[in-house]
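These notes are about the structure you will find just below.
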Amino acid sequence: MMVMLLAAGRGERMRPLTDHTPKPLLEAGGKPLIVWHIEKLVHAGISELVINHAHLGAQIEAALGDGSRFGAHIQYSPEARALETAGGITNALPLLGDEPFAVINSDIYCDYNFAHLPERAAALQAHGDAAHLVLVDNPPHHLGGDFYLQDGRVTPGSNVSSILNPRSSILTFSGIGIYQPSLFSHVPCGSIAPLAPLLRAQIALGKVSGEHHRGLWVDVGTPQRLTELDSQVCSLQKTPPSQHNAP
């Protein structure tokens, strides 16, 4: 299947680190954030990748090339200006094909098993859903969460419905999702468009499935979080493999 790695953001909260280095190339554990994703995807048997870029995009292409040294095939979708998530995906649709594809934020670090992506995409196709979202526990900087999850479905619940039905809980979107190309059919190519409104419209129609990933997940949004992640990853690298969570 095709996977798109989002790498076009300016990374304002990461300044001054991102003044001269694109956020996806910032390192944790001695390796650029985006390279962790590429290597884990290839390990999971997924090698067809599309990467969008805007800010300092030439550095990303120079660092990753055509992907062959990772065992991947990388195509690029440059943006003259960052188009936000839905706009960037729409711009890259000619490279992504007609089947459901996965999209992953390059500025996260996680141990989600990417080998699950093809089966999740097949289930999405079979059920006629528009999207499948990987959700995580709410981090300290986002305690309000994003979406409700109940019995494998993302719902437009509320705090009241969560109390009445303990199986429904509000969680945070991980930045990992699978989408039908048709989800973006009404987004004008080249326009700046966020993803959340598209998802909320489909959630209201009951067309979005989801899962709760309970493993390691970090939104690398500030220099402090990058420093903390670097320390955590370095510590994990010193831990015997038998003690690690499954990739």
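Note on the stretch 27-46: among residues that are at pLDDT 95 or above and in a loop (DSSP other than H, G, I, E, B), the one that is farthest from residue 108 (Cα to Cα) is 45. As a summary of the residue check, residue 193 satisfies the conditions (1) over 26 Å from residue 141 (Cα atoms); (2) part of a loop (DSSP other than H, G, I, E, B); (3) at pLDDT 95 or above except for the one numbered (1). For the stretch 168-190, a tally of residues being free of Cβ contacts under 8 Å to residues at least 40 places away in the same chain, part of a loop (DSSP other than H, G, I, E, B) and within 21 Å of residue 147 (Cα to Cα) returns 1. Filtered by the rule that a residue be surrounded by 16 or more Cβ atoms within 10 Å (Cβ to Cβ) and of a type in the set (Gly, Ala, Ser), the stretch 88-122 gives 88, 92, 102, 106, 121. Residue 52 meets each of the listed conditions (1) over 17 Å from the mean Cα position of the chain (by Cα); (2) at pLDDT 95 or above; (3) buried (at least 19 other Cβ atoms within 10 Å of the Cβ) apart from (1). For the stretch 10-25, taking the residues that are out of contact with any helix residue (DSSP H, G or I) (no Cβ under 6 Å at 6 or more places or on another chain) and in a loop (DSSP other than H, G, I, E, B), the one that is nearest to residue 176 (Cα to Cα) is identified as 10. Of all residues in the stretch 109-120, none that is among the charged types (D, E, K, R) has its Cβ atom under 8 Å from the Cβ atom of a residue that is buried (at least 21 other Cβ atoms within 10 Å of the Cβ) and part of a helix (DSSP H, G or I), 6 or more apart or on another chain.
The values are calculated or read from the model by the stated rules, or taken from the named source; none is laboratory data. These numbers were taken from a predicted model, which means no experiment stands behind them. As a convention, Cβ positions derive from the backbone with ideal geometry for all residues, glycine included, and neighbour counts pool all protein chains shown.
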